[in-house]
Amino acid sequence: MIKKIGILTSGGDAPGMNAAIRAVARAAMSKGMEVYGIRRGYVGLISGDIFKMDARSVSDIIHRGGTMLFTARCPEFRTEEGINKAKATCEELGLEGIVVIGGDGSFRGAADLSARGILCVGLPGTIDNDIACTDYTIGYDTAMNTAMEMVDKLRDTSQSHDRCSVVEVMGRNAGYIAVNTGIACGAVEVITKEKPYDLDAIAKKMLETKEHGKENFVIIVSEGVGNANQIAQVLQEKTHIESRATILGHVQRGGSPTLRDRVVATKMGYHAVELLEQGIGNRVVGMQKDEIVDFDIQEALSMKKPYEDELHRIAEELAF
Ligand code: ADP
Ligand code: F6P
């Protein structure tokens with residue numbers, strides 16, 4: 001029976017990470033384990049910035065964005081020396097298992113640590129939903145709702161001015177936030193890395209719909225596809241429709257998590273502790289068809305996630 005576990009958050013933060021921390025901490029305590037909070041991801045594991053948690057350590061956090069454990073990117077952990085230091089910290093404290101809340105990069109680190117005998121279980125925490133072994137990542141729902149609210153506000157002013165609003169949303173290399181926000185906001189076009197796009201065709205579509213009475217436009221651009229300012233400028237030149245670009249940025253990473261993020265984070269966190277309780281490590285927890293599942297970390301990292309082609313197609317078909 002595992003007696004001591006640690007929890008850390010790593011990589012970009014996401015709303016719902018706190019709910020996951022609470023679930024892991026309370027589930028482990030209820031099963032009689034000691035729980036340690038590790039600050040700033042692998043940085044804290046290397047330096048020993050670790051504290052013992054009790055039930056009250058995770059009070060009043062379920063509704064808060066960010067992560068009470070702080071997060072960081074830790075280049076040192078990618079070196080042999082860094083991993084060995086982290087392992088030594090675990091051995092000194094008697095930590096037998098660690099729950100790592102983060103994205104693919106963090107899971108690679110968790111696999112490295114698992115290979116050295118520390119049982120690690122990963123929970124998918126990222127707004128991007130770009131983790132293949134799970135339909136859903138902690139933070140995704142809140143981020144999409146934030147993006148939708150922001151675009152709704154932009155739409156008010158675009159409507160008043162007969163303008164086109166080009167809005168860049170986050171997603172690193174994935175268009176999931178973009179396509180869903182596009183659908184939810186009735187965008188005339190969604191531009192993502194997964195689908196080729198053509199600014200001439202977009203301008204033509206805008207002019208055609210304008211002829212049919214459309215007076216204002218929303219275009220959602222996924223981060224990394226192109227420059228939203230440039231796209232707005234080119235479209236304005238081609239259509240003579242006044243256009244403005246807005247980059248939503250890190251506002252999408254903050255805020256109180258939605259019910260869905262809190263519930264999924266709690267279920268996943270609970271499952272992670274159940275795995276550790278059985279002495280099972282080197283796993284990533286996910287959700288498939290509303291069921292909580294888990295995979296070997298290497299297997300999870302080798303999976304490919306399909307893009308939402310059908311949703312993208314529907315967004316385009318409805319935009320006229
Ligand atoms: P995310 O977990 O959100 O994908 P990163 O890619 O920034 O975020 O990874 C978070 C941390 O995980 C890194 O700072 C590093 O400490 C660790 N990490 C990332 N990639 C690897 C890797 N290939 N091997 C070991 N550790 C890694
Ligand atoms: O992975 C989450 C995310 O917000 C991505 O959407 C974005 O590309 C990246 O993190 C931004 O990272 P940083 O916080 O380092 O600017």
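Read-outs throughout are calculated quantities, based only on the coordinates presented, and are distinct from any laboratory measurement. Here the structure is a predicted model, which is why all the values come from computation and not from measurement. Cβ sites come from the backbone with ideal geometry, for glycine too, and all protein chains shown count toward neighbours.
Quick one: dipole size for segment 141-254, taken about the Cα centre, charges +1 on Lys/Arg Cβ and -1 on Asp/Glu Cβ, in debye to the nearest 20. Don't skip to the answer; put the middle values down first.
On the way: 13 positive and 16 negative charges, 31 e Å.
Roughly 160 debye for segment 141-254.
Could you line up LYS195, LYS204 from fewest to most neighbouring Cβ atoms inside 10 Å? Numbers along the way, then the final one.
Numbers: LYS195 16, LYS204 13.
With the fewest neighbours first, LYS195, LYS204 line up as LYS204, LYS195.
Where nothing but the Cβ of Lys and Arg (+1) and of Asp and Glu (-1) is charged, how large is the charge dipole of the chain around its Cα centre, in debye to the nearest 20?
Working: 37 positive and 45 negative charges, 176 e Å.
Computed charge dipole of the chain: roughly 840 debye.
About the Cα centre of segment 247-293, how large is the charge dipole given +1 on each Lys and Arg Cβ and -1 on each Asp and Glu Cβ? Please answer in debye to the nearest 20.
On the way: 6 positive and 5 negative charges, 40 e Å.
Magnitude of the dipole: close to 200 debye.
With a 10 Å Cβ neighbour count serving as the proxy for reagent exposure, in which order, fewest first, do TYR307, TYR136, TYR42 appear? Intermediate results must be reported in sequence, preceding the final value.
Details: TYR307 15, TYR136 18, TYR42 31.
Lowest to highest Cβ neighbour count: TYR307, TYR136, TYR42.
So, in Å, what gap is there between the alpha-carbon centers of segment 302-320 and segment 1-75?
35
Suppose R0 equals 45 Å; then what is the FRET efficiency for PHE51 and GLU310 from their Cβ-Cβ distance, rounded to the nearest 0.05? Walk me through the intermediate numbers first.
Values: r = 47 Å, r/R0 = 1.04.
Efficiency, from the Cβ-Cβ distance: 0.45.
So for the chain, taking the charge dipole from beta-carbon charges (+1 Lys/Arg, -1 Asp/Glu), which of LEU93, PRO124, ILE138 sits furthest toward the positive end?
Of LEU93, PRO124, ILE138, it is LEU93.
Past 25 Å, Cα to Cα: identify those pairs from LYS267/LYS305; LYS52/LYS85; LYS4/LYS85; LYS210/LYS305; LYS3/LYS87; LYS204/LYS304, in the order given.
LYS210/LYS305; LYS204/LYS304
Just from its helices, what would the mean residue ellipticity at 222 nm be for the chain, if runs of 4 or more DSSP H residues each count -39500 (n - 2.57) and the sum is divided by every residue, rounded to the nearest 500 deg cm²/dmol?
On the way: 11 runs with 136 residues, N = 320.
Result for the chain: -13500 deg cm²/dmol, rounded to the nearest 500.
Run the reach check for LYS238 against aspartates and glutamates, Cα to Cα strictly under 17 Å, same-chain hits fewer than 8 apart removed. What comes back?
Correct list for LYS238: ASP162, GLU189, ASP198, ASP200, GLU208, GLU211, GLU215.
From the Cα trace of the chain, what convex hull volume per residue do you get, rounded to a whole Å³?
Spread over its residues, the Cα hull of the chain gives 120 Å³ apiece.
How do LYS31, LYS214 rank when sorted from fewest to most other Cβ atoms within 10 Å of their own Cβ? Intermediate results must be reported in sequence, preceding the final value.
Details: LYS31 14, LYS214 17.
Fewest-to-most ranking of LYS31, LYS214: LYS31, LYS214.
Give the span of segment 141-254's Cα atoms along each principal axis, as three whole-Å numbers ordered largest to smallest.
38, 29, 20
Could you tell me which trypsin sites (Lys or Arg not before Pro) in segment 266-320 are loop residues by DSSP with no more than 15 other beta carbons within 10 angstrom of their beta carbon? Spell out each step's value before the answer.
Details: sites: LYS267, ARG283, LYS289, LYS304, ARG313; in loops: LYS289, LYS304.
Counting only loop positions with at most 15 other Cβ atoms within 10 Å, the trypsin sites (Lys or Arg not before Pro) in segment 266-320 are LYS289, LYS304.
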